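To start, the structure under review is shown below, and the notes come after it.
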């Protein structure tokens, strides 16, 4: 009997309840959050199975300029939904989903200053061998290299995440502001994941945008021996993300929030070897993300995209996990 592929989800998030309460408290002082959210949030918990799938379908298939303008008009509602999902879908729910869907391991991204790298390391220790943590650093951190280096030296993180919008990085300064710790990641052999695509929620973007894929090119070009993962495959900017991957072999494309038809076009253009599966849990459910891959890919391609490509990116960390699990216990 042929062994099933060991699926790795290359894009997940978790946050403690106390962490959720610290996210932009000033943005929750509006009349909407004081009077409307307490009424509709419990209803949203009950209807999640229906509205979640519907909203994700819309976001996958309607990401043009007009759609994003409409989304931005619903910013407070979407912000409420993001907070609700983080409260409802924590580490235990993620593990439950992984077990249910046959996902062996997941990459969990830190989003400093919203989610702390150390907090994620502490949480995921409860499930040894199941998670890889990608550390991050806020633009406000005065010494990002010294902040990240101890995590790398101790092998507590297996990659670096850059989220320009959440981290406060302006597209025009992205290269200069991140090049020193990208060089550090390169020296440690760690991949770097970068958020791409618009987020039409003002509270999360802080007026900082990096939907312009060209802002990433200097990093990709100047660190040709570092592997970069473009999260969400650019979302609305998928053509630009694909063009960058066609130009630079050190660019990998991650599939979250993309429909089967786009995933198919990307695989046809660059091959399946540089496309990797990600869900963006809890913002996007893992099962729905896997359905898009199953629709788009052959069995061999599915195995590459959900397992082998991630294993290649995480080879050193996988060996470390296996060694730890084989070590005799005291």
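The values are calculated or read from the model by the stated rules, or taken from the named source; none is laboratory data. This structure is a prediction, so every number in the text was calculated from the model and none was measured. With ideal geometry, Cβ positions are generated from the backbone for all residues, glycine too; neighbour counts draw on all protein chains shown.
I'm trying to understand the selection: among the residues of the range 120-139, which are within 17 Å of the chain's Cα centre (by Cα), surrounded by fewer than 19 Cβ atoms within 10 Å (Cβ to Cβ) and assigned to a helix (DSSP H, G or I)?
Initially, the range 120-139 is screened for residues within 17 Å of the chain's Cα centre (by Cα), giving 120-121, 124, 130-138.
Among the residues that remain, those that are also surrounded by fewer than 19 Cβ atoms within 10 Å (Cβ to Cβ) are: 121, 130, 138.
121, the sole residue that qualifies.
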Across the range 250-303, what is the number of residues that are in a loop (DSSP other than H, G, I, E, B) and touching a helix residue (DSSP H, G or I) at 6+ places or on another chain (Cβ under 8 Å)? 15
Taking only pairs six or more apart or across chains, which ones have beta-carbon atoms under 6 Å, a first residue in the range 20-37 that is surrounded by 13 or more Cβ atoms within 10 Å (Cβ to Cβ), and a second residue that is modelled with pLDDT of 85 or more and in a loop (DSSP other than H, G, I, E, B)? 23/114
Among the numbered conditions (1) in contact with a helix residue (DSSP H, G or I) (Cβ under 7 Å, 6 or more places away or on another chain); (2) more than 30 Å from residue 252 (Cα to Cα), tell me where residue 53 comes up short. (2)
Is it true that residue 108 is closer than 20 Å to residue 19 by Cβ, surrounded by 17 or more Cβ atoms within 10 Å (Cβ to Cβ) and out of contact with any helix residue (DSSP H, G or I) (no Cβ under 9 Å at 6 or more places or on another chain)? no
Exclusive hit being under 20 Å from residue 174 (Cα atoms), surrounded by fewer than 14 Cβ atoms within 10 Å (Cβ to Cβ) and assigned by TED's automatic domain parsing to the domain that holds residue 310, set 150, 142: 142
Among the candidates 219, 244, residue that is in a helix (DSSP H, G or I), in contact with a strand residue (DSSP E or B) (Cβ under 6 Å, 6 or more places away or on another chain) and within 30 Å of residue 75 (Cβ to Cβ): 244
All-but-one check, residue 277 against (1) without any contact (Cβ under 8 Å) to a residue 40 or more places away in the chain; (2) surrounded by 23 or more Cβ atoms within 10 Å (Cβ to Cβ), failing number (1)
What single numbered condition from (1) modelled with pLDDT under 95; (2) surrounded by fewer than 16 Cβ atoms within 10 Å (Cβ to Cβ); (3) not in a helix (DSSP H, G or I) fails to hold for residue 72? (3)
Within the range 234-252, work out how many residues are crowded, with 22+ Cβ neighbours inside 10 Å and under 13 Å from residue 198 (Cβ atoms). 5
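Being at pLDDT below 95 and under 17 Å from the mean Cα position of the chain (by Cα) is true for just one of 212, 198. Which residue is that? It would help to see each step written out before you state the result.
Details: 212 fails: under 17 Å from the mean Cα position of the chain (by Cα).
Testing whether each residue is at pLDDT below 95 and under 17 Å from the mean Cα position of the chain (by Cα) leaves just 198.
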Residue 40: touching a residue at least 40 places away in the same chain (Cβ under 8 Å) and not in a helix (DSSP H, G or I), yes or no? no
Before we move on, is residue 302 in contact (Cβ under 8 Å) with a residue 40 or more places away in the chain, surrounded by fewer than 24 Cβ atoms within 10 Å (Cβ to Cβ), assigned by TED's automatic domain parsing to the domain that holds residue 174 and more than 21 Å from residue 191 (Cβ to Cβ)? yes
Residue 86 passes all but one of the listed conditions (1) closer than 26 Å to residue 121 by Cα; (2) surrounded by fewer than 19 Cβ atoms within 10 Å (Cβ to Cβ); the exception is number (2)
